[in-house]
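The values are calculated or read from the model by the stated rules, or taken from the named source; none is laboratory data. Since the model is a prediction, treat every value here as computed from it, not as a measurement. Heads up, the Cβs are rebuilt from the backbone with ideal geometry, glycines too, and the neighbour counts pull from every protein chain shown. To get the accessible areas, we keep the full protein, side chains included, count just its heavy atoms, and leave off ligands, DNA and RNA. Shrake-Rupley method; radii C 1.70, N 1.55, O 1.52, S 1.80 Å.
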Amino acid sequence: MAPLRFAWALAAALFLLVPSAGAQQERSPDSALASLLQEVKAACAQPPADRLGRILCGGHIRIGVRDFYPLFAKHEGETRSGYEIDVARAIAARLGVEIDFVRVRAANRIPLLAENRIDLTIATMGHNTQRDSQARFIRPHYYQSETALIAPRGLAFAGWQDVAARTICVTIGNGSNAEIVDYGARLMLFEEAAQLPERLKDETCPMAAQDDSFFAAYFTDPAFAAAFSQKIGFAQVPWGMAVARTGSDQLARALDLLSQIFHRDGVFLEIAGKNRIATSFLEKQRVVWQGPVCNVDTGAAKPTCILPPRDAELKPTGFAAGVAAFEVWSRRTLGIEIDLPMLKTAPAWSLLQNGVINTLILIAGALAATLGFAVLTGLAMAAPSFVLRWPARALTVTLQSSPIVLTLVIAAALAHAILPYSPAVALGASIVALGLSNGSNAGQAISEAMASLRAEQGDRPGLFAAALRRSAGQIVAFLVNAAKGTPIASFIGAPELLSALTDITSFASGRVTTYCLLLVFYTALIMGVVWLCNRLRLVLERRGIGA
């Protein structure tokens, strides 16, 4: 009897296991992908509702890639090479379509998706929570990296405290830029990562921050490795392929399944080895996706199988909701796209406030310095003494012959030779440079007025006041010119509004709106300066100073 019971139990177990195995086969990513592609191709007679239909039925996929990112994507002549290029080719081959490669940069790879100018981007893009609202990321991720801070080997560097007030070169749109700004660094922005190594070499950039994967190829060069080193690594982030958030549901599903298969079968790993990039992340991912829990068509939806995006959400301001509501109202009611990132996050709002305050200080200082140097230069150039007159004239001619940028750089270099670098020192150097450049010209106008008055009336009391009245129009013109020239102070790291907004746009969207607001701000400010200067001109013309 016991053998009979055992036989029945064994038969029941086999009966239960057979359907289970069949169900497991049915739920493999391979069969799910095959079914999806077959379903979409069968509907080619109808206008495609999803980008996957347009791709399969049209026989082409538009993939956004970088043009120069060593080991990952490189374009030389007619040849493209690199890890991401080969991944793109593997995807196209599996879908049975041709590739149209489209060059993208960090700043436009997501907008091009939204504008339907590309179907997919594979462009060294870190997947973070900020970008989740802008694009639909493919899971699992195809690579992982962190941001590396690169500087000359001889630069003493103990930690983040050493980046305050220093200039760091970065690329526009890099998600880690916000973290760098939080530590008080000044950012110099570049469109392409390829510019950073050269700017490090020619000392334009004291430091540069970019994905460690980008600099990996450069550190294989003995000369570069001898001159530079990685000072710190931060902001570890998984890289994601991405599609548009709307109209790409089936395409995203197909790519999710393909990514699972490529990890499980070692396709990503093989391509990485061929392109000489680090493979430790891909080796771990292969183990994950070969496991029975993740090797199913729902694997990309399981938190235990996929990596979370890096948390890059910035603390919102107390009025962020109101700003967002205004943006929506403007788009729906006026048909105008307005993006105000500087009002929606605490770091950006803080930068904006400091930028406005520093700009007001800079303009007030430049006006005072211009007026002060005008009076001093005018008196010196009109003085009877050769010792005072000729040095003043030589200084004026030199300043008139030099570009204002060069005057700023020299003033900053002298200031930094005396004092440690700080935003306050940069502001002070900018005020002195603007004051000298414009004040010397106004001083020349004063001295010429004094010379003409001496010729007409001889030396008499009140001559200087009369000269001020006669040259009032030119003095006002140079005061206005000093105020208009203040944005150039950002060139030497002065933390005025242009510099602050540049930092904001390095990690936030809305560049067009941001710079339009900057234009409005400066226009209103200069109009105010013109009004005040005209009041000063009236005072000078009517009464003079000390008359």
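Amide H to amide H distances under 5 Å link I138 with M241, A242, V243, where only residues 5 or more positions off or on other chains count and H is placed in the peptide plane.
Charges were assigned to the Cβ only: +1 to each Lys and Arg, -1 to each Asp and Glu. The resulting dipole of the chain about its Cα centre is roughly 1100 debye. Given a Förster distance of 22 angstrom, what is the FRET efficiency for A424 paired with Q400, based on the Cβ-Cβ distance and rounded to 0.05? The formula returns an efficiency of 0.15 here. For region 184-308, the relative contact order is 15 percent, taking Cα pairs closer than 8 Å that sit 6 or more residues apart in sequence and dividing their mean separation by the residue count. Rounded to the nearest 5, the antiparallel percentage of DSSP beta bridges internal to the chain is 60%. Of the labelled options (1) 27.4; (2) 22.3; (3) 37.7, which one gives mean projected area of the Cα convex hull in nm² as computed for this structure? Matching the structure shown: (3).
Pairwise alpha-carbon distances in region 29-156 exceed 21 Å for 49% of all pairs. Taking amide H positions as modeled 1.01 Å from N, with prolines and chain starts lacking one, the residues under 5 Å from Q144 and 5 or more places away or on another chain are W239. In order along region 175-183, the phi-based Karplus estimate (6.51 cos²θ - 1.76 cosθ + 1.60, θ = phi - 60°) of 3J(HN,Hα) comes to x, 7, 4, 4, 5, 5, 4, 4, 8 Hz; Gly and Pro are listed as x.
Among F234, L251, L189, which residue has its Cα furthest toward the positive end of the charge dipole of region 187-251, with +1 on Lys/Arg Cβ and -1 on Asp/Glu Cβ? Of the candidates, F234 comes out farthest on the positive side.
Counting only protein heavy atoms and using a 1.4 Å probe, what share of the accessible area of the chain belongs to carbon plus sulfur, as a whole percent?
Values: 15640 of 25430 Å².
For the chain, the apolar C and S fraction of the accessible surface comes to 61 percent.
V387 exposes around 110 Å² of accessible area when a 1.4 Å probe is run over every protein chain in place. Short-range pairs are left out: with C-alpha atoms under 8 Å and at least six residues apart, the relative contact order of region 367-439 is 51 percent. Pop a pseudo-label 7 angstrom from the Cα along the beta-carbon direction at both L155 and V387 and give the gap in nm to one decimal. Placing both labels 7 Å along Cα→Cβ, they lie 4.7 nm apart. A simple count of charges around E496, restricted to other residues whose Cβ falls under 14 Å of its Cβ and scoring Lys, Arg +1 and Asp, Glu -1, yields +1. Residues H416, H127, ordered by accessible area of protein heavy atoms at a 1.4 angstrom probe radius and largest first, appear as H416, H127.
When E496, E192 are compared by accessible area at a 1.4 angstrom probe, the order from most to least is E192, E496.
Taking Cβ separations below 4.7 Å as the criterion for a possible disulfide partner, the isolated cysteines in the chain are C516, C533.
Phi angles of region 224-233 translate, via the Karplus equation with coefficients 6.51, -1.76, 1.60 and θ = phi - 60°, into HN-Hα couplings of 5, 5, 6, 8, 10, 8, 7, 8, 7, x Hz per residue; Gly and Pro are given as x.
Rounded to the nearest 500 deg cm²/dmol, what is the calculated helix-only ellipticity per residue at 222 nm for the chain, with -39500 (n - 2.57) per DSSP H run of length n ≥ 4? It would help to have the intermediate numbers written out before the result.
Values: 21 runs with 299 residues, N = 547.
Here the helix-only value at 222 nm equals -17500 deg cm²/dmol.
Excluding ligands, DNA and RNA, the accessible surface per residue across region 82-231 is 35 Å² with a 1.4 Å probe. Using the 1.4 Å probe convention, the accessible area of region 255-361 works out to 52 Å² per residue with neighbouring protein chains retained. Residue by residue, region 489-497 carries 3J(HN,Hα) couplings of 5, 4, 4, 9, x, 5, x, 7, 5 Hz when phi is fed to the Karplus relation 6.51 cos²θ - 1.76 cosθ + 1.60 (θ = phi - 60°); x denotes Gly or Pro. Checking the Cα-Cα distances for K74/K302; K74/K284; K74/K231; K74/K344; K74/K315; K201/K315 against a 32 Å cut-off, the pairs over it are K74/K302; K74/K344; K74/K315; K201/K315.
When the Cα atoms of region 477-536 are aligned to their principal axes, the ranges along those axes come out at 42, 24, 11 Å in descending order. Which angle from 0 to 90°, rounded to the nearest 10, does the C-alpha axis of helix 423-457 make with the longest principal axis of the chain? On a 0 to 90 degree scale, this one is about 30.
A cut-off of 5 Å between modelled amide H atoms, ignoring neighbours fewer than 5 places along the same chain, links M188 with I168, C169, V170. The largest accessible area among W160, W289 belongs to the first residue in W160, W289, and the rest follow in falling order (1.4 Å probe, all chains). For the chain, averaging the sequence separation of C-alpha pairs within contact (under 8 Å, six or more residues apart) and dividing by the residue count gives a relative contact order of 15 percent.
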